[in-house]
Amino acid sequence: MRCLYCNCTESKVIDSRSADDERTIRRRRECMGCGRRFTTYETIEIAPILVVKSDGTRQAFDLGKIKRGVIKACEKRPVPIEKIDALAEDIAKRVYNSMEQEISSKQIGEMVMEGLQKLDEVAYVRYASVYRSFKDISSFMAELQKMMEKKEAGEEKREESK
């Protein structure tokens, strides 16, 4: 680490602590050459993950894009931003934990839909209507019918376990 004042490469760490995001370490250093102090930040280097789109193009994985899509689906719904953040973070963890350098946009879309279905049914339907590109009302109704069947099956299981 070079001192930004005198370019000396020798410094000692005076203080280390976690930064606000708990993923970064803030280090206070003192230059051995000039004695001045400066701060450095240490973070984990993340290997870039590429998203393979349906047309075959590739782009860098962007957590912000997922979050914006979920926020749009949850617009005017009683879903707290903390839950939206948690869903987006969960998807990012799943993507990075897959240990793959490429992931299809279809896989990410399915993860978002799975999370939204648990979070808010209306937001799920909104997202599904864009994601699945419903061609007509019958394809939209078929998706709603699947949701209703899953919900009824879940309620029946709860009734049986009582």
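The values are calculated or read from the model by the stated rules, or taken from the named source; none is laboratory data. No experiment lies behind these values; they were computed from the predicted model shown. Here the Cβ positions follow ideal geometry from the backbone for every residue, glycine too, while neighbour counts run over all protein chains shown. Calculation scope for accessible area: heavy atoms of the full protein, side chains included, ligands and nucleic acids excluded. Shrake-Rupley method; radii C 1.70, N 1.55, O 1.52, S 1.80 Å.
Grab the beta carbon distance between Gln107 and Arg37, set R0 = 45 Å, and tell me the FRET efficiency rounded to 0.05.
E between Gln107 and Arg37, to the nearest 0.05, is 0.45.
Roughly how many nanometres apart are two label points built 7 Å out from the Cα toward the Cβ at Ser161 and Ala47?
Placing both labels 7 Å along Cα→Cβ, they lie 3.8 nm apart.
Run the numbers on the range 72-162 and let me know its relative contact order in percent, using alpha-carbon pairs under 8 Å that are six or more apart.
30 percent
Kindly provide log₁₀ I(q)/I(0) values, in the same order as q = 0.09 Å⁻¹, from the Debye equation applied to equal alpha-carbon scatterers of the range 1-114.
-0.43
Pro48: net charge of surrounding residues, Cβ under 11 Å, Lys/Arg +1, Asp/Glu -1, itself excluded? All intermediate terms of the calculation are to be shown ahead of the outcome.
Numbers: positive: Arg58; negative: Glu45, Asp62, Glu102.
Neighbour charge sum, excluding Pro48 itself: -2.
Using only C-alpha positions, report the orientation-averaged shadow area of the convex hull of the range 48-162, nm², one decimal. Let's see the in-between values first.
Values: hull surface 35.7 nm².
Mean orientational projected area (the range 48-162, Cα hull): 8.9 nm².
Find the accessible area per residue for the chain; the probe is 1.4 Å, ligands and nucleic acids are left out, and the unit is Å².
72 Å²
Report the extension gain between Glu152 and Asp15 in nm, rounded to one decimal, defined as 0.36 nm multiplied by the number of residues separating them, less their alpha carbon distance.
Length gained between Glu152 and Asp15: 43.6 nm.
Straight-line reach from Lys93: which aspartates and glutamates have Cα under 18 Å away, leaving out those fewer than 8 places along the same chain?
Asp21, Glu22, Glu45, Asp62, Glu82, Asp85, Glu102, Glu110, Glu114
If one computes the Cα centroid of the range 83-128 and of the range 42-65, what distance in Å separates the two points?
Centre-to-centre distance over Cα atoms comes out at 14 Å.
Specify the angular offset, from 0 to 90 degrees and rounded to the nearest 10, of the alpha carbon long axis of helix 81-97 from the longest principal axis of the alpha carbons in the chain.
80 degrees
Which percent of the accessible heavy-atom area of the chain goes to carbon and sulfur, probe 1.4 angstrom?
Result for the chain: 50 percent of the exposed heavy-atom area is carbon or sulfur.
Among Ser18, Ser129, Ala86, whose Cα projects farthest towards the positive end of the dipole of the range 6-162, with charges put on the beta-carbon of Lys, Arg (+1) and Asp, Glu (-1)?
In the range 6-162, that residue is Ser18.
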